[in-house]
Amino acid sequence: MNHELAQKYIACMEEIKKRTSVVTALARGEVNLMYLMTTAESAALQTRKILELIALSSLVANREQYSKSRANFHKDWHATRILDKLKQVNPKFFPVPTRQVKISQGWYDTPPIDSGYLTQEDFIELYDECSTLLHSKNPFSKKSDYDARTFLFKDIPMWIDKIIVLLNHHHVFPVDDSRMYIVLMQAQSDGKVHFAEFEKITN
């Protein structure tokens, strides 16, 4: 990945961190938008934007192959549609959550995390759930009202935790399996997103 694309990926991750802070503050009741429904809707909007940024960052990591299959890729914005297309281009496109394990002085292993993170299935479920809150209810609809309180104070904290586990330290695998990207969302040195590219060594 060239420097420009790496910076675009980092920018997506930094924006996710900011929006995650907003959603967390809303769910904790630290800030509000005057009444429950608008506060829940704002949390839903920011969460959906986080999901869109995850999808767009995956697009960045697979830009060359994605652009070949879709000429107007620069116009894409719908998160689940981007995921569907990326899956066709690169079945391994989704971030792989990992953790750092120190094995010796200055050396770390990064094994994958088995559970507790946002999966692709979770992604679609959450995207649809957030989208539901962003539409006014038809007064003639027979569907029951959405429970904004449960969404804001129970569901959203759970989803945000899963997103954090997914992205906190993750690997990205482009179509070219000779490379791998390692992303750290908050480095101890400066609190910023760090991005590193690794290339497979062949004998």
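The values are calculated or read from the model by the stated rules, or taken from the named source; none is laboratory data. All of these numbers come straight from a predicted model, not from anything done at the bench. When we count neighbours, we look across all protein chains shown, and the Cβ atoms used for this are built from the backbone with ideal geometry, even at glycine. The accessibility values were calculated without ligands, DNA or RNA, using every heavy atom of the protein model including side chains. Shrake-Rupley method; radii C 1.70, N 1.55, O 1.52, S 1.80 Å.
Just for strands (runs of 3 or more DSSP E) wholly inside the range 106-203: which have at least 3 residues that are closer than 18 Å to PHE94 by Cα and open to solvent by less than 70 Å² (accessible area, probe 1.4 Å)?
Filter on the range 106-203 gives 169-172, 179-184.
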Q. Just one of the numbered conditions (1) more than 15 Å from SER58 (Cβ to Cβ); (2) at pLDDT below 95 is not true of TRP159; which one?
A. (2)
Q) Which of the residues that make up the range 85-110 are closer than 28 Å to GLU64 by Cα and without any contact (Cβ under 8 Å) to a residue 40 or more places away in the chain? A) LYS85, LEU86, LYS87, GLN88, PRO91, PHE94
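Against the definition (at pLDDT below 95, touching a His at 6+ places or on another chain (Cβ under 7 Å) and of a type in the set (Lys, Arg)), how does ARG70 come out, yes or no?
On the way: at pLDDT below 95: yes; touching a His at 6+ places or on another chain (Cβ under 7 Å): no; of a type in the set (Lys, Arg): yes.
Considered against the rule, which asks whether it is at pLDDT below 95, touching a His at 6+ places or on another chain (Cβ under 7 Å) and of a type in the set (Lys, Arg), ARG70 comes out as no.
Looking at the range 81-105, which of its residues are part of a loop (DSSP other than H, G, I, E, B), open to solvent by 50 Å² or more (accessible area, probe 1.4 Å) and modelled with pLDDT of 85 or more?
As a first pass, look at the range 81-105 and keep what is part of a loop (DSSP other than H, G, I, E, B): 90-95, 99-100, 105.
From what is left, the residues that are open to solvent by 50 Å² or more (accessible area, probe 1.4 Å) are 91-92, 99-100, 105.
PRO91, LYS92, ARG99, GLN100 - these are the residues of the range 81-105 that are part of a loop (DSSP other than H, G, I, E, B), open to solvent by 50 Å² or more (accessible area, probe 1.4 Å) and modelled with pLDDT of 85 or more.
Looking at LEU59, LEU33, LEU51, LEU26 in this structure, which one is buried (at least 21 other Cβ atoms within 10 Å of the Cβ) and free of Cβ contacts under 8 Å to residues at least 60 places away in the same chain?
Details: LEU33 fails: buried (at least 21 other Cβ atoms within 10 Å of the Cβ); LEU51 fails: free of Cβ contacts under 8 Å to residues at least 60 places away in the same chain; LEU26 fails: free of Cβ contacts under 8 Å to residues at least 60 places away in the same chain.
Of the residues listed, the single one that is buried (at least 21 other Cβ atoms within 10 Å of the Cβ) and free of Cβ contacts under 8 Å to residues at least 60 places away in the same chain is LEU59.
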Q. If LYS17 satisfies every condition in (1) more than 16 Å from PHE151 (Cβ to Cβ); (2) over 19 Å from the mean Cα position of the chain (by Cα); (3) part of a helix (DSSP H, G or I) but one, which is the exception?
A. (2)
**Q.** When residues of the range 13-37 are limited to those that are among the hydroxyl-bearing types (Ser, Thr, Tyr) and in contact with a helix residue (DSSP H, G or I) (Cβ under 9 Å, 6 or more places away or on another chain), the one farthest from LEU86 (Cα to Cα)
**A.** THR24
Q: Give just the number: which of (1) more than 17 Å from SER58 (Cβ to Cβ); (2) open to solvent by 60 Å² or more (accessible area, probe 1.4 Å); (3) in contact (Cβ under 8 Å) with a residue 24 or more places away in the chain does LYS18 not satisfy?
A: (3)
